[in-house]
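Presented below is the structure to which this report refers.
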Amino acid sequence: MANIIVLGTQWGDEGKGKIVDLLTEKTDLIIRFQGGNNAGHTLVIGDNKVVLHLIPSGILHDEKLCLIGSGVVIDPAILLDEIDELCAKGHKISPENLMISDRAHVIMPYHKIIDHARDSARIGTTGRGIGPAYEDKARRAAVRMIDLVNPELLQKRLELFFDEKQAYITKVLGGKPLDRDEIFNQYKELGQRLKPFVGDTSVVASKYIKAGKNTLFEGAQGGLLDMDYGTYPYVTSSSTIAGSACIGSGVGPTTVDKVLGIAKAYTTRVGEGPFPTELGDETGERLRAFGGEYGATTGRPRRCGWLDLVVLNHSIRISSISHLAITKLDVLSGFGSIKVCTGYRSGDQIIEHFPADIELYPDLEPVYEELPGWEENIAEVKVYDDLPLNCRKYIEYMENKTGVPAAIVSVGPKRDQTIIRTDLF
């Protein structure tokens, strides 16, 4: 038995969806524990690409149970669209393999309006209402799934907070007024469609774990987008690190056995915010083109740069990461040499730990070590020892610099383009 947290170590988009899908073969239960539909997990099954936003990546294995935990904020219309789309592709989605926490919070129409008007341009949010929904959760002024599926509770919650939202949207943001009855009727219908899926996921998770079932806790975004330990304020609105897996799933920390950190072989970021190793040159363009670096949710081009060990070691420390999964290693094929950032230089100072605010160091420059690259295409390599020597040296360099073994190496987007070095179960 093993209970494993899977999370990103950079700014998201590390390939968590593929790794969760892969590990699901040996898993009984998959729990998505934070974030909303601002996250996008891309899976390539054969020649088909599937993009998931709210439903855990293990859903493509019909016989597994997937839970959406209380730490997730849910846009019910988006969730139903996702269910319908998966069903149309032949996947079986029912209350037997998908359950939604009755304590999860709901993204309302006014959240998306506020996000677009207030936050999208300022900090580069996706405009999907995630931040304002978490804001209302903290203010104790929100609608939860238990309210959504009970019309009387839904109406009471809307009556309590609607006028305040209406005034803010019209008087402060200069937006058009909303129709409360229209929102109620729309969300009442959405709630009734989702009602069979809603229940106490914490109880179910605990039963599985006590029965010795293998469990995966699936995170969204990455460690550097965490509210407390990321590049604030250019972060997401939930905690993305390992500690939040227990809170967002409703289980205790002693149930966790391992933490698997997903690390891209280079670094990318979507949206605004600091990015010390960003490359605004031909190398950055090449990484973007070869890696298909466009947001799964927004389609926005990702900013690209060399691997940043300051970032990676920061995530390893705050999440007690026990194993790494290195992804998109194939994108580095063809580079004569590869740079890796080992620290930041500011004047005569070398910074080896990620600072709370990089803006305090306007002269900050990455300190690089240069490693020899490899020319070979590694996309079809199945055995670790068959990788080019310099490719293996790159992996071993990452292990030595982080002190964490690479359990999984991904050499392409498909399931079978994966080298398993350590069986985590």
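The values are calculated or read from the model by the stated rules, or taken from the named source; none is laboratory data. Worth saying up front: this structure is predicted, and the values here are computed from it rather than measured. Heads up, the Cβs are rebuilt from the backbone with ideal geometry, glycines too, and the neighbour counts pull from every protein chain shown.
Might you let me know whether the range 315-322 holds any residue that is at pLDDT below 95, of a type in the set (Ser, Thr, Tyr) and surrounded by fewer than 20 Cβ atoms within 10 Å (Cβ to Cβ)?
The answer is no; no qualifying residue exists.
Those residues that are among the aromatic types (Phe, Trp, Tyr) and closer than 14 Å to Val310 by Cα, I need them from the range 344-375; list them, please.
Answer for the range 344-375, where residues must be among the aromatic types (Phe, Trp, Tyr) and closer than 14 Å to Val310 by Cα: Tyr344, Phe354, Tyr368.
Of all residues in the range 211-229, which are without any contact (Cβ under 8 Å) to a residue 24 or more places away in the chain and over 18 Å from Lys64 (Cβ atoms)?
Met227, Asp228 - these are the residues of the range 211-229 that are without any contact (Cβ under 8 Å) to a residue 24 or more places away in the chain and over 18 Å from Lys64 (Cβ atoms).
Assuming Lys16 fulfils every condition listed in (1) farther than 24 Å from Arg302 by Cβ; (2) crowded, with 23+ Cβ neighbours inside 10 Å; (3) at pLDDT below 95 apart from one, which condition is it?
(1)
Read through the list (1) in contact with an Asp or Glu (Cβ under 8 Å, 6 or more places away or on another chain); (2) buried (at least 17 other Cβ atoms within 10 Å of the Cβ); (3) in a strand (DSSP E or B), then give the number of the only condition that Ile378 fails.
(3)
Hey, does the range 28-43 have a residue that's β-branched (Val, Ile, Thr), surrounded by fewer than 24 Cβ atoms within 10 Å (Cβ to Cβ) and not assigned by TED's automatic domain parsing to the domain that holds Pro274?
yes
From the list His61, His111, His91, His53, exactly one residue is outside the structural domain of Gly219 (by TED's automatic domain parsing) and either surrounded by 23 or more Cβ atoms within 10 Å (Cβ to Cβ) or out of contact with any strand residue (DSSP E or B) (no Cβ under 6 Å at 6 or more places or on another chain) (or both). Which is it?
Only one candidate passes the filter, namely His111.
Is at least one residue of the range 220-238 out of contact with any Gly (no Cβ under 9 Å at 6 or more places or on another chain), over 30 Å from Lys401 (Cα atoms) and of a type outside the set (Phe, Trp, Tyr)?
The answer is no, given that none of the residues of the range 220-238 is out of contact with any Gly (no Cβ under 9 Å at 6 or more places or on another chain), over 30 Å from Lys401 (Cα atoms) and of a type outside the set (Phe, Trp, Tyr).
Please go through the range 184-228 and give me each residue that is in a loop (DSSP other than H, G, I, E, B) and either of a type in the set (Lys, Arg) or under 27 Å from Met108 (Cα atoms) (or both), ordered by number.
Asp200, Lys213, Gly219, Ala220, Gln221, Gly222, Asp226, Met227, Asp228
All but one of (1) farther than 26 Å from Lys64 by Cβ; (2) crowded, with 17+ Cβ neighbours inside 10 Å; (3) touching a Pro at 6+ places or on another chain (Cβ under 9 Å) hold for Val235; which doesn't?
For Val235, the exception is condition (3).
Name the residues in the range 165-183 that are among the charged types (D, E, K, R) and either modelled with pLDDT of 95 or more or closer than 30 Å to Pro196 by Cα (or both), would you?
Across the range 165-183, the qualifying residues are Lys165, Asp179, Arg180, Asp181, Glu182.
Is at least one residue of the range 86-108 at pLDDT below 90 and among the hydroxyl-bearing types (Ser, Thr, Tyr)?
no
Answer yes if at least one residue in the range 181-193 is touching a residue at least 24 places away in the same chain (Cβ under 8 Å), under 30 Å from Pro95 (Cβ atoms), crowded, with 16+ Cβ neighbours inside 10 Å and among the polar types (S, T, N, Q), and no otherwise.
No, the range 181-193 contains no residue that is touching a residue at least 24 places away in the same chain (Cβ under 8 Å), under 30 Å from Pro95 (Cβ atoms), crowded, with 16+ Cβ neighbours inside 10 Å and among the polar types (S, T, N, Q).
Given the conditions (1) part of a helix (DSSP H, G or I); (2) assigned by TED's automatic domain parsing to the domain that holds Asn400, report the number of the one that Thr254 does not fulfil.
With (1) part of a helix (DSSP H, G or I); (2) assigned by TED's automatic domain parsing to the domain that holds Asn400 applied to Thr254, the lone miss is (2).
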